[in-house]
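Trainee: Okay, handing you the structure first.
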Amino acid sequence: MSQGFSEKLSIFYSLVEKQNGLHSLPWHTVLNYPFYAHFQEEEIECQSGALFAFWGLLEHWKATESCPFTNDEKNHSFYSYVDEFDYHALSLQRKYPNLVHVILATLQILNRRYSFQKTFPSIDVDWHLHIQDFLLANHSTTVTEGTRFLAYLEAGIVLID
């Protein structure tokens, strides 16, 4: 685990525990880091942490209606997150079925709400079509509290009510 990633992941987990959830985190300041670069990591805490951060970014967008992703290759590049997630989805699904489930469901909700193609028009149309097919083929938008709880557990987090 690289020093920068380890530090950012530690800060991220600390903030999630302090706030008892994923909402209202400082994605463009303290947590400005390309977590997607660690979707392929062999270390379980790296992979699950990177996925958990991706879900956190998506949940931030869903809850605040403020998109934390960029249209370019900066740290929170929407294209990079979704493309890496798509590329590694099968292996990630086997290891973290609940995290993958909540990410896919949240992506579907956000795509219906905001249209990724309209939000990120500079990304190639064929890529958007591929992602649309990927989302439709792989998931429903139903997420139960049990699934959310298990996704947090897969990321190594236990929230206190």
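Trainee: Within the set of pairs 6+ apart or on separate chains, which have a first residue in the stretch 112-126 that is under 15 Å from Val82 (Cβ atoms) and of a type in the set (Phe, Trp, Tyr), a second that is in a loop (DSSP other than H, G, I, E, B) and at pLDDT below 95, and C-beta atoms under 6 Å apart?
Mentor: Once the first residue is under 15 Å from Val82 (Cβ atoms) and of a type in the set (Phe, Trp, Tyr) and sits in the stretch 112-126, its partners that are in a loop (DSSP other than H, G, I, E, B) and at pLDDT below 95 give Phe120/Asn71.
Trainee: Return the residues of the stretch 133-159 that are in contact (Cβ under 8 Å) with a residue 60 or more places away in the chain and out of contact with any helix residue (DSSP H, G or I) (no Cβ under 9 Å at 6 or more places or on another chain); say none if nothing qualifies.
Mentor: Selection gives nothing.
Trainee: When you check Val100 against the structure, is it in contact with a Phe, Trp or Tyr (Cβ under 9 Å, 6 or more places away or on another chain) and among the β-branched types (Val, Ile, Thr), yes or no?
Mentor: When the stated conditions are applied, Val100 passes them.
Conditions tested, residue by residue: (1) in contact with a Cys (Cβ under 7 Å, 6 or more places away or on another chain); (2) closer than 24 Å to Gln132 by Cα; (3) not small (Gly, Ala, Ser).
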{"residue": "Tyr13", "(1), (2), (3)": "no, no, yes"}
{"residue": "Glu17", "(1), (2), (3)": "no, no, yes"}
{"residue": "His23", "(1), (2), (3)": "no, no, yes"}
{"residue": "His60", "(1), (2), (3)": "no, yes, yes"}
{"residue": "Pro68", "(1), (2), (3)": "no, yes, yes"}
{"residue": "Ser91", "(1), (2), (3)": "no, yes, no"}
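Trainee: Consider Asn32 against the criteria (1) surrounded by 13 or more Cβ atoms within 10 Å (Cβ to Cβ); (2) under 18 Å from Thr106 (Cα atoms); (3) at pLDDT below 95: it satisfies all of them except one. Which criterion is unmet?
Mentor: (2)
Trainee: Return a yes/no flag: does the stretch 142-151 have any residue that is among the basic types (Lys, Arg), over 22 Å from Tyr87 (Cα atoms) and surrounded by fewer than 15 Cβ atoms within 10 Å (Cβ to Cβ).
Mentor: no
Trainee: Taking interchain pairs and intrachain pairs at least six residues apart, which have beta carbon atoms under 6 angstrom, with the first residue in the stretch 72-101 and without any contact (Cβ under 8 Å) to a residue 40 or more places away in the chain and the second of a type in the set (Val, Ile, Thr) and surrounded by 19 or more Cβ atoms within 10 Å (Cβ to Cβ)?
Mentor: Gln93/Val100
Trainee: Kindly state which helices (runs of 4 or more DSSP H) lie completely within the stretch 48-140 and contain at least 2 residues that are at pLDDT 90 or above and surrounded by fewer than 15 Cβ atoms within 10 Å (Cβ to Cβ).
Mentor: 78-95, 97-114, 125-138
The values are calculated or read from the model by the stated rules, or taken from the named source; none is laboratory data. Since this is a predicted model, take the numbers as computed values, not measurements. Positions of Cβ are generated from backbone atoms using ideal geometry, with glycine treated the same way; all protein chains shown enter the neighbour counts.
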